[in-house]
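**Student:** Sharing a structure below in C-alpha coordinates format, with a few things to ask.
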Amino acid sequence: MTLTVEKALYVEEQGQVTYAELVATADMPEHVVRELVRYGALAPIDAAAAQPPQWRFRAEALLIVRKARGLRRELDLDAHAVSIVLSYVERIDALEAELRELRARRGG
(Lines give C-alpha, C1' and ligand atoms only; values in the text may rest on other atoms or scores of the structure.)
Protein backbone atom coordinates (compact mmCIF):
# COMPACT_ATOMS: atom_id res chain seq x y z
CA MET A 1 0.00 0.00 0.00
CA THR A 2 1.37 3.43 -0.88
CA LEU A 3 1.59 6.28 1.54
CA THR A 4 -1.09 8.18 -0.38
CA VAL A 5 -3.57 5.31 -0.10
CA GLU A 6 -2.79 4.90 3.59
CA LYS A 7 -3.38 8.61 4.15
CA ALA A 8 -6.67 8.47 2.24
CA LEU A 9 -7.82 5.55 4.35
CA TYR A 10 -6.86 7.42 7.52
CA VAL A 11 -8.82 10.50 6.46
CA GLU A 12 -11.83 8.37 5.52
CA GLU A 13 -11.65 6.58 8.84
CA GLN A 14 -11.29 9.79 10.87
CA GLY A 15 -13.61 11.93 8.77
CA GLN A 16 -11.47 14.98 9.55
CA VAL A 17 -8.26 16.64 8.42
CA THR A 18 -6.06 19.10 10.22
CA TYR A 19 -5.33 22.61 9.00
CA ALA A 20 -1.74 21.56 8.21
CA GLU A 21 -2.97 18.58 6.17
CA LEU A 22 -5.40 20.80 4.29
CA VAL A 23 -2.73 23.40 3.50
CA ALA A 24 -0.33 20.68 2.33
CA THR A 25 -3.01 19.20 0.07
CA ALA A 26 -4.15 22.58 -1.24
CA ASP A 27 -0.96 23.27 -3.19
CA MET A 28 -1.76 26.96 -2.70
CA PRO A 29 -0.20 29.56 -0.43
CA GLU A 30 -1.37 29.28 3.17
CA HIS A 31 -2.81 32.81 3.13
CA VAL A 32 -5.13 31.75 0.29
CA VAL A 33 -6.46 28.85 2.38
CA ARG A 34 -7.09 31.28 5.25
CA GLU A 35 -8.92 33.60 2.84
CA LEU A 36 -11.09 30.70 1.67
CA VAL A 37 -12.02 30.16 5.31
CA ARG A 38 -12.68 33.88 5.83
CA TYR A 39 -14.97 33.98 2.78
CA GLY A 40 -16.82 30.84 3.85
CA ALA A 41 -15.68 28.41 1.15
CA LEU A 42 -14.01 26.28 3.84
CA ALA A 43 -15.53 25.89 7.28
CA PRO A 44 -13.41 24.69 10.19
CA ILE A 45 -15.28 22.42 12.57
CA ASP A 46 -13.99 24.35 15.55
CA ALA A 47 -13.34 27.85 14.15
CA ALA A 48 -14.63 29.69 17.21
CA ALA A 49 -12.63 27.58 19.65
CA ALA A 50 -9.24 27.58 17.98
CA GLN A 51 -6.73 29.51 15.94
CA PRO A 52 -5.87 28.38 12.39
CA PRO A 53 -3.06 25.96 13.32
CA GLN A 54 -5.51 23.99 15.50
CA TRP A 55 -8.42 24.06 13.05
CA ARG A 56 -9.90 20.77 11.93
CA PHE A 57 -12.06 20.28 8.85
CA ARG A 58 -14.46 17.64 7.62
CA ALA A 59 -12.81 15.36 5.08
CA GLU A 60 -14.95 16.96 2.34
CA ALA A 61 -12.76 20.06 2.68
CA LEU A 62 -10.11 18.17 0.69
CA LEU A 63 -12.47 18.07 -2.29
CA ILE A 64 -13.36 21.73 -1.87
CA VAL A 65 -9.73 22.81 -1.75
CA ARG A 66 -9.02 20.73 -4.85
CA LYS A 67 -11.84 22.49 -6.72
CA ALA A 68 -10.58 25.84 -5.45
CA ARG A 69 -7.07 25.10 -6.70
CA GLY A 70 -8.44 24.24 -10.14
CA LEU A 71 -10.53 27.40 -10.32
CA ARG A 72 -7.59 29.56 -9.28
CA ARG A 73 -5.33 28.02 -11.90
CA GLU A 74 -7.75 27.63 -14.80
CA LEU A 75 -9.63 30.91 -14.42
CA ASP A 76 -7.02 32.97 -12.57
CA LEU A 77 -9.47 33.85 -9.78
CA ASP A 78 -8.68 35.31 -6.39
CA ALA A 79 -9.90 33.67 -3.19
CA HIS A 80 -13.06 35.78 -2.97
CA ALA A 81 -14.11 34.94 -6.54
CA VAL A 82 -13.29 31.27 -5.95
CA SER A 83 -15.54 31.30 -2.87
CA ILE A 84 -18.41 32.75 -4.87
CA VAL A 85 -18.00 30.25 -7.71
CA LEU A 86 -17.79 27.37 -5.23
CA SER A 87 -21.05 28.47 -3.60
CA TYR A 88 -22.74 28.43 -7.02
CA VAL A 89 -21.27 25.01 -7.83
CA GLU A 90 -22.54 23.69 -4.50
CA ARG A 91 -26.01 25.08 -5.21
CA ILE A 92 -26.04 23.59 -8.73
CA ASP A 93 -25.00 20.20 -7.32
CA ALA A 94 -27.84 20.36 -4.78
CA LEU A 95 -30.39 21.29 -7.44
CA GLU A 96 -29.20 18.51 -9.74
CA ALA A 97 -29.49 15.99 -6.89
CA GLU A 98 -33.01 17.23 -6.15
CA LEU A 99 -33.91 16.92 -9.83
CA ARG A 100 -32.59 13.34 -9.97
CA GLU A 101 -34.62 12.48 -6.88
CA LEU A 102 -37.79 13.98 -8.35
CA ARG A 103 -37.26 12.13 -11.62
CA ALA A 104 -36.70 8.86 -9.76
CA ARG A 105 -39.95 9.33 -7.83
CA ARG A 106 -41.82 10.09 -11.01
CA GLY A 107 -40.35 7.03 -12.70
CA GLY A 108 -38.43 8.59 -15.49
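The values are calculated or read from the model by the stated rules, or taken from the named source; none is laboratory data. Being a predicted model, the structure only gives us computed values, none of them experimental. Ligands, DNA and RNA are stripped out before the accessible areas are found, and what is left, the full protein with its side chains, is counted by its heavy atoms. Shrake-Rupley method; radii C 1.70, N 1.55, O 1.52, S 1.80 Å.
**Student:** Please list, short to long, the whole-number percent of alpha-carbon pairs of the stretch 66-108 in consecutive 5 angstrom bins beginning at zero.
**Tutor:** All Cα pairs considered, the percentages come to 5, 23, 19, 14, 11, 9, 9, 6, 2.
**Student:** For Rg and Dmax of the Cα atoms in Å, one of (1) 15.8, 45; (2) 20.9, 59; (3) 15.9, 50 was computed from the structure I shared and the rest are decoys. Which label?
**Tutor:** (3)
**Student:** For a quick size check, give me the Cα extents of the stretch 43-87 along its three principal axes, largest first, whole Å.
**Tutor:** Extents along the principal axes, in whole Å: 34, 18, 18.
**Student:** Counting only heavy atoms of protein chains, what accessible area per residue, in Å², does the chain have with a probe of 1.4 Å?
**Tutor:** I get 70 Å² per residue for the chain.
**Student:** Helix 79-106: angle to the longest alpha-carbon principal axis of the chain, degrees 0 to 90, nearest 10?
**Tutor:** 30
**Student:** Could you tell me what percent of the accessible area of the chain is made up of carbon and sulfur, with a 1.4 Å probe and every protein chain present?
**Tutor:** 54
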